[in-house]
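Remarks on the structure that follows.
The values are calculated or read from the model by the stated rules, or taken from the named source; none is laboratory data. None of the values given here were measured: they were computed from a predicted structure. So basically every Cβ, Gly included, is an ideal-geometry build from the backbone, and we count neighbours across all protein chains shown. Surface areas here come from the heavy atoms of the whole protein model, side chains and all, with no ligands, DNA or RNA. Shrake-Rupley method; radii C 1.70, N 1.55, O 1.52, S 1.80 Å.
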Amino acid sequence: MAASFSSLALTQVLPFLPLAQGDIDYQTDRRGEPGLIDAVLAQTGTTVVFVRDGLVAVPDGQAARVDYETAKIRLAEVPGEYVLRGFGGALGDSEETGVIAMFLGSYGVGTAHPQAVVALDVSGLADAAEANGDDHAGASSSTVLPTVLKRALERFDWVSLRGFAAHGSARQVGQATTAVALCMWHASQRHCPRCGSPVRPANAGWAQRCVNEGCPSHRSLLFPRIEPAVIVSIVDGQGRLLLQHNKAWKNPTRYSVCAGFVEAGENLEHACRREASEETGLKLGELKYLGSQPWPFPASLMVAFKARALGTDIDVDNRETVDARFFTRDEFADALTEGRVAWPGKSTVARYMIEEWYGQKL
Ligand SMILES: [Zn+2]
């Protein structure tokens, strides 16, 4: 994993959180420019990356590397000009092409050679191709797709963001995280929540517009809803860390820290204290902010805290949490060695929280 840090995303305690290290300049002021996507695609140095149903495209043969711990994977990239030529000089309306174009921003803004990145969400094409199948009755979206792009898409492998995050550069994982988050949102919201009319992508893929001109969301636009979740490493008076196992986890050796969604009317601190109390019966004292991480599966934002438990009497709820216990560092190391406890995944904030407590990389 490349050790680059996004200066904008920097947090003191957990400086490197996967998915949170993208260093692209969003250039939010440009999103409303008419014809932005076509203009950016025509620009020298622009690259295009691809997402589909929450997956990211990687070069042919690279998907298999996900299973190898140290293997590097990169995103499949196609020059913007090449894509634009394929579409005959203009990408046009997403309704016709089945493609949602998203302007992710640029590197080197203000220099002679800024490098822009556009993500194309091709989920609509895959759907159309599948629906058309072998009978050629529906000659819609799939025939609009330029041959050059069709060939490129056939050559790509597709991997999950979680799979990619453990193997990609911090910069490309940042691009993939944004593209997947927007892709999941466009897929889940096809109609206006206010009036039920269809929606169209707006603001270079970062928003949607309701097609009903009489609806407030036609003018004011619709934006992605992000769902905050808290995650807390709970430590007792002796510095032991609480790890718990959830009923829903198939792997019996999977243990992690306390986590849950923020509920209506709560602040983050309340959510931490409520979750701890519900799952383990523990009351929490002071809370310290550790960092945060986008987690678009499908729309979460993980907000990490460290907390001191005011007692050590654990009473698990047995609905969600079936086991919870405090570990000293030695006990934890033994449990790992003996295979009684396994790590949270490499891209998760939980892993970095446990490392922070443990005092070294795992
Ligand atoms: Zn509407």
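Just to check your reading of the model, which residue among K288, K306 is among the charged types (D, E, K, R), touching a Leu at 6+ places or on another chain (Cβ under 7 Å) and touching a residue at least 24 places away in the same chain (Cβ under 8 Å)? Before you say what the answer is, go through the steps one by one.
Values: K288 fails: touching a Leu at 6+ places or on another chain (Cβ under 7 Å).
The unique qualifying residue is K306.
With A187, A259, A179, A271 as the choices, which residue is among the small types (G, A, S), open to solvent by 40 Å² or more (accessible area, probe 1.4 Å) and either away from the ligand (no atom under 16 Å from the Cβ) or closer than 28 Å to G54 by Cβ (or both)?
Details: A259 fails: open to solvent by 40 Å² or more (accessible area, probe 1.4 Å); A179 fails: open to solvent by 40 Å² or more (accessible area, probe 1.4 Å); A271 fails: open to solvent by 40 Å² or more (accessible area, probe 1.4 Å).
Result of the check over A187, A259, A179, A271: A187.
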Select the helices (runs of 4 or more DSSP H) contained entirely in the stretch 263-362, then report the ones holding at least 3 residues which are more than 24 Å from the chain's Cα centre (by Cα) and assigned by TED's automatic domain parsing to the domain that holds K247.
268-280, 329-337
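Please enumerate the residues belonging to the stretch 279-302 that are farther than 25 Å from A187 by Cβ and touching a Gly at 6+ places or on another chain (Cβ under 8 Å).
Within the stretch 279-302, the subset farther than 25 Å from A187 by Cβ is 279-291.
E279, L282, K283 - these are the residues of the stretch 279-302 that are farther than 25 Å from A187 by Cβ and touching a Gly at 6+ places or on another chain (Cβ under 8 Å).
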How many residues are touching a Ser or Thr at 6+ places or on another chain (Cβ under 8 Å), of a type in the set (D, E, K, R) and exposed (fewer than 14 other Cβ atoms within 10 Å of the Cβ) if we restrict to the stretch 309-362?
2
With respect to L282, determine if the residue is out of contact with any Cys (no Cβ under 8 Å at 6 or more places or on another chain), open to solvent by less than 10 Å² (accessible area, probe 1.4 Å) and more than 29 Å from R225 (Cβ to Cβ).
yes
Among the residues of the stretch 302-346, the number that are closer than 13 Å to Q238 by Cβ and of a type in the set (V, I, T) is 2
